[in-house]
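Here's the structure, in structure tokens; my notes come after.
Read-outs: derived from the displayed coordinates by stated rules, not from any lab. Worth saying up front: this structure is predicted, and the values here are computed from it rather than measured. Counting neighbours? That spans all protein chains shown, and the Cβs are built from the backbone with ideal geometry, glycine included.
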Amino acid sequence: MFVDEVDIHVAAGDGGSGCLSFRREKYVPRGGPDGGDGGAGGSVFLTATAHRNTLVDFRFHPEFEAKRGKHGEGSNCSGHRADDLDIDVPVGTLVFERHEDGSLTLLADLAESGQRLLVAKGGRGGLGNAHFATSTNRAPRKFQPGEEGEIRDLRLQLKLLADVGLVGFPNAGKSTLIARVSAARPKIAAYPFTTLTPHLGVVSMSDSRSFVIADVPGLIEGAHEGHGLGHRFLRHLERTKVLIHLVDVSGASGRDPVEDFETVQRELVLFDAELARKPQLVAANKLDALDEPERVSRLKARVAEAGLPFCEISGVTGVGVDRLLEAAWAAIAAAAAAAETAPADLQA
């Protein structure tokens, strides 16, 4: 099961209380206060790890609580500090604090493996009565209780990390293509919305080159407003470097390929203008089932007007797929080079 958004509740441990104690030993009258301090409560951390790729575990286990610190003891023995609680989340997880009014505040974007975020700080341990002895009060009966640990409600949202994202209408052949070029095995069938969740695949090329490709559910008109399924997963494309827009030119869908192309382009702009500005390749797919060559020529002319690269492929037979992958690799390299030379944002 692929889950990319969950709400969780985290609670740090309370601090242990300080101890009220006096030294009691033979031949040592008035031994004085010897109450130890309480230990600190455990804090809660989120850690990004490459060993997770979904948030499904949190759906069945949404509450996390660190242990409290041990109480102080006599003979100036301090209580043990509780261990921190580390929660592993997938790389690419956005962490929001969820407020009572339903609003969200972004805390962090865990986009790199090993990143660690403190989400709930453990309470400090209280001081024992030994800390409160003075020249005028040699037998204090004062001590501190431990502080309460922080409690937070969080929302976790996952954005997949991929180099290339596949977009297009439902049943445009995205799952067939990702199954041909990688080891990913999404469900493939001749009806719309076969793909219900995103899939990742690793494309291996010559000279030890490789990149990660993501297939998301197809887009339809109005997707940016919530129509269909693709709108739920469009955010997974925001981290990609390049988009491959697959267009079905076979005629089996009964739709016009030029209208399909324009509809998807419009939905990308309406969902996120930055997403629409990513480098994009357009691939006319299902050449093996093409019945009217004029459908390809009209689409090619429209794509040329948009200034986008154009390829003709068949995900079933593999025709043109190698050329498409080489073009995608070149676009990835160009995007990476542009990112390295881009000026850094100035900090206020």
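In the chain, which longest range has no GluC sites (Glu not before Pro) that are both DSSP loop (not H, G, I, E or B) and surrounded by at most 12 other Cβ atoms within 10 Å?
Working: sites that count: Glu100, Glu112.
Looking at the chain, 113-348 is the longest stretch - no exposed GluC sites (Glu not before Pro) with at most 12 other Cβ atoms within 10 Å.
If amide H atoms are built 1.01 Å from N in the plane of the peptide, which residues on other chains or at least 5 residues away come under 5 Å of the amide H of Glu65? Distant-sequence amide H within range of Glu65: Ala11. Taking every C-alpha pair closer than 8 Å and separated by at least 6 residues, the mean separation divided by the residue count of the chain gives a relative contact order of 15 percent.
Report the paramagnetic label zone for Arg141: residues of the stretch 9-32 whose backbone N is under 11 Å from a point 7 Å from Cα along the Cα-to-Cβ axis. Counting only backbone N, you get no residues. Taking amide H atoms as placed 1.01 Å from N in the peptide plane, the amide H of Cys77 lies under 5 Å from those of Gly36, each 5 or more residues away in sequence or on another chain. Across the stretch 204-212, rounded Karplus estimates of 3J(HN,Hα) from the backbone phi angles (6.51 cos²θ - 1.76 cosθ + 1.60, θ = phi - 60°) give 9, 10, 5, 6, 6, 8, 7, 8, 9 Hz, Gly and Pro being marked x. Take the Cβ atoms of Ser204 and Glu292, set R0 to 41 Å, and the FRET efficiency comes out at 0.70.
Multiplying the residue separation of Asp272 and His61 by 0.36 nm and subtracting their alpha-carbon distance yields 72.7 nm.
Give the residue list of trypsin sites (Lys or Arg not before Pro) in the stretch 273-314 that are DSSP loop and have at most 12 other beta-carbon atoms within 10 angstrom.
On the way: sites: Arg277, Lys286, Arg295, Arg298, Lys300, Arg302; in loops: Arg277, Lys286.
Filter output for the stretch 273-314: Arg277.
What the phi angles of the stretch 146-155 give under the Karplus curve with 6.51, -1.76 and 1.60, with θ = phi - 60°, is a coupling list of x, 6, 6, x, 5, 10, 9, 9, 10, 10 Hz, glycine and proline written as x. In order along the stretch 288-302, phi translates into HN-Hα couplings of 5, 10, 6, 10, 10, x, 5, 5, 6, 5, 5, 5, 4, 5, 5 Hz, rounded to whole numbers, per the Karplus curve 6.51 cos²θ - 1.76 cosθ + 1.60 with θ = phi - 60° and x for Gly and Pro.
Label positions at Glu97 and Ala336, each projected 7 Å from the Cα along the C-beta direction, are separated by 3.7 nm. Annotation: amide H-H contacts under 5 Å for Cys311 (H modelled 1.01 Å from N, sequence separation of 5 or more, or interchain): Val282, Ala283, Ala284. Checking the table Lys278/Lys300; Lys159/Lys300; Lys121/Lys241; Lys121/Lys278 against a 30 Å threshold on Cα-Cα, which pairs fail? Violating the 30 Å Cα-Cα cut-off are Lys159/Lys300; Lys121/Lys241; Lys121/Lys278.
Hey, got the dipole for the chain? About the Cα centre, +1 on K and R Cβ, -1 on D and E Cβ, debye to the nearest 20?
Numbers: 39 positive and 48 negative charges, 315 e Å.
Roughly 1520 debye, rounded to the nearest 20.
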